[in-house]
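Working notes, structure below.
The values are calculated or read from the model by the stated rules, or taken from the named source; none is laboratory data. Here the structure is a predicted model, which means the values were calculated and not measured. Here the Cβ positions follow ideal geometry from the backbone for every residue, glycine too, while neighbour counts run over all protein chains shown. Just the protein is used for accessible areas: all its heavy atoms, side chains included, with ligands, DNA and RNA removed. Shrake-Rupley method; radii C 1.70, N 1.55, O 1.52, S 1.80 Å.
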Amino acid sequence: MRTRTISVILLCAAVGGAVACQPTDGSKSSGTPASAATASATKDDKAAAAKKAVPNFVGMGLQSAQDAAQAQGFYALKSHDSLGRDRMQAFDRNWKVCSQNVKVGTSASTDTTLDFGSVKLEETCPAKDEAAPSAAGGKMPDFADKSVKAARAALDSSTSLTVKDASSNDRLVLVESNWKVCTQSPAAGAALNGQPVTLTAVKFGESC
């Protein structure tokens with residue numbers, strides 16, 4: 001009697017195991033793993049939301065513009081000094097947007113980098129962004145009225161650069177983005193061959 005009972009238990013276990021290994025009619029495998037299907041759906045969702053119309057940010061405070069851009073899904077954000085002085089926008093709330101690199105209403109991918117041209121709140125936006133000076137072609141740029149910081153950035157980093165106060169006050173030029181160039185040596189257009197460069201400058205708002 002005991003032997004028969006054990007045999008029946010073993011048979012049921014074997015049959016139950018076999019049944020458990022078979023998929024039911026409602027859960028037949030489709031051939032695609034669940035993880036792959038989820039990844040595919042996520043990819044499709046991203047593709048569907050990949051493009052949006054770029055809003056108009058001009059006239060907004062820089063911080064507000066950045067917040068609005070992120071709310072629309074644009075997270076690759078940059079800003080630059082519209083006056084060409086190469087100033088950093090350290091406190092975004094103190095700056096306002098003058099221009100944007102992507103035209104208003106353009107359908108753009110949300111991974112597009114939006115670059116905002118800006119000036120400080122008390123300043124007037126230029127008609128167009130002032131281009132930074134460039135030493136492309138090995139020629140000395142015209143630095144007149146450009147910031148000392150922008151002038152330095154245009155030259156090779158190995159250049160020996162001397163900057164002097166153009167006034168009679170003999171001030172130290174500490175924050176170079178706040179100083180504009182009055183004179184330069186070599187002159188604009190001269191060939192650059194590693195020679196030292198000398199600039200004189202005054203603070204913006206002052207006359208050379």
What about residue 146, is it open to solvent by less than 70 Å² (accessible area, probe 1.4 Å) and touching a residue at least 12 places away in the same chain (Cβ under 8 Å)? yes
Just to verify a result, which residue in region 67-101, among those that are small (Gly, Ala, Ser) and assigned to a helix (DSSP H, G or I), is nearest to the chain's Cα centre (by Cα)? 69
Can you tell me which residue among 110, 183, 162, 198 is among the hydroxyl-bearing types (Ser, Thr, Tyr) and under 24 Å from residue 97 (Cβ atoms)? 110
Quick one: residue 125 ticks every box in (1) within 17 Å of the chain's Cα centre (by Cα); (2) in contact (Cβ under 8 Å) with a residue 12 or more places away in the chain except a single one, so which number is it? (1)
I'd like to know if region 110-133 contains one or more residues that are farther than 24 Å from residue 90 by Cα and surrounded by fewer than 15 Cβ atoms within 10 Å (Cβ to Cβ). no
Within the set of pairs 6+ apart or on separate chains, which have a first residue in region 158-182 that is in contact (Cβ under 8 Å) with a residue 40 or more places away in the chain and polar (S, T, N, Q), a second that is part of a loop (DSSP other than H, G, I, E, B) and open to solvent by less than 60 Å² (accessible area, probe 1.4 Å), and C-beta atoms under 6 Å apart? 177/85; 177/87
Of all residues in region 166-192 being of a type in the set (Val, Ile, Thr) and open to solvent by 40 Å² or more (accessible area, probe 1.4 Å), the one that is nearest to residue 208 (Cα to Cα): 183
Does residue 43 meet the test of being out of contact with any helix residue (DSSP H, G or I) (no Cβ under 7 Å at 6 or more places or on another chain), loosely packed, with under 11 Cβ neighbours inside 10 Å, among the basic types (Lys, Arg) and modelled with pLDDT of 50 or more? yes
Spans of strands (runs of 3 or more DSSP E) in region 124-206 with at least 3 residues of a type in the set (Val, Ile, Thr) and closer than 27 Å to residue 80 by Cβ: 197-203
